[in-house]
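Notes to accompany the following structure.
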């Protein structure tokens, strides 16, 4: 059977149907369907892309690469600037992201203040790393602690004040203009050490320079924002509005919780909290049309970076640009990292167009443990929802990735952007070759099993598995990081 791109849009329903039935019919139902598909109008670089090889594929470790490369930055490393009483650390600059996004951390002692402003063209998002932060957002004031999230669409007035000496957050901003403004209002620094002495406001001439250099406009106070309120919202909205989420809030699909979906960012990015216990992980793969970033918060996640095994702990960062091979596995009883994917064309890999469990929360921020749901209930003896591991030791991992690609359609109308290696893998660190995790056909079984635990795979399981529930019970409390 041959289908062109237009009919592929219709075939998404078929793919979702195959995935929804895969727990009953076995993985081969999805694999057989995918193997039968050939596309007549999708570009070759969409259907059969090839990974980056040679020197350009080798990850840069420990420093900013100054180019769009795969790289790893330990916590606290990057480009430093003093901005008033803040120290900002630029973790991803336009030159590293291909001018698509920026990532900057802000650290400051009690009283450090960023006045109310707006980015007229840049969508931004904040996640708190440590401390106690007062965020003014769209006319309201919120108290934010570790793991809390804010979505800031273009034109939204916002500002912040650090309310403890351990306060630090990460600011993701789209495009290449917001970072230029923050750089213009400060001065280069040699380290991330905070300025000494009492907090000082950012000078008016520096703020004016920021408005000239980048996307930054001071905004007047239109009405009294009222008292500071501790964030309690757990529900992910369905529009591109300004909102805040309590740690654990959002739309959950197994071990992945969306803090922002395509509908919240106009397709520019998706923002996912991935959490869980120790597991076999996701083997080497790549994406051809979007960047995937890993920003660690808790535990230890081992990232496979072109054969190198790189442990990520809190504050560590990895960028995997298009066509760069990567993988990961979680190492501790509880682990959590931010997945920042831009553009947001990969959302349907996790959701297949089906709703998740929105607003149920997650243990660790004072709202209690993850709630139960009728969605978790199955008849006695029924198999768990999610992928069924492929039968037999000879299963082909790349056939599995092909099946994953063909199991749904992204908003661009093309198959899902996930691909297995097309060339022999490079020499690998022993941690990736000892044990059964990534050997031949066993990779398929373990990867699919782990995929079910994390996100349910093609059948979009929303259940909180016993393994995930045990991990979530170990999630640190936000108050412990103030």
Whether any residue in the stretch 427-442 is touching a helix residue (DSSP H, G or I) at 6+ places or on another chain (Cβ under 9 Å), in the same structural domain as residue 466 (by TED's automatic domain parsing), modelled with pLDDT of 65 or more and assigned to a loop (DSSP other than H, G, I, E, B) is what I want to check. no
Picking from 204, 157, 115, which residue would you name as being without any contact (Cβ under 8 Å) to a residue 24 or more places away in the chain, more than 22 Å from residue 76 (Cα to Cα) and not assigned by TED's automatic domain parsing to the domain that holds residue 477? 204
Going through the stretch 108-123 one residue at a time, which ones are within 16 Å of residue 88 (Cα to Cα) and surrounded by fewer than 23 Cβ atoms within 10 Å (Cβ to Cβ)? 109, 110, 111, 113, 115
Closer than 19 Å to residue 256 by Cβ, surrounded by fewer than 23 Cβ atoms within 10 Å (Cβ to Cβ) and out of contact with any helix residue (DSSP H, G or I) (no Cβ under 7 Å at 6 or more places or on another chain): does that describe residue 299? no
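Does any residue of the stretch 306-326 turn out to be over 20 Å from residue 65 (Cβ atoms) and at pLDDT below 95? Before you say what the answer is, go through the steps one by one.
Within the stretch 306-326, the subset over 20 Å from residue 65 (Cβ atoms) is 313-314.
Filter once more, keeping what is at pLDDT below 95: none.
Taking every residue of the stretch 306-326 in turn, none turns out to be over 20 Å from residue 65 (Cβ atoms) and at pLDDT below 95.
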Give the residues of the stretch 464-479 that are touching a residue at least 40 places away in the same chain (Cβ under 8 Å) and either over 15 Å from residue 334 (Cα atoms) or assigned to a helix (DSSP H, G or I) (or both), sorted by residue number. 467, 468, 469, 470, 471, 472, 478, 479
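The values are calculated or read from the model by the stated rules, or taken from the named source; none is laboratory data. Values in this document were obtained by computation on a predicted structure and should not be read as measured data. Quick reminder, even Gly has a Cβ in these numbers, built from the backbone with ideal geometry, and neighbours come from all protein chains shown.
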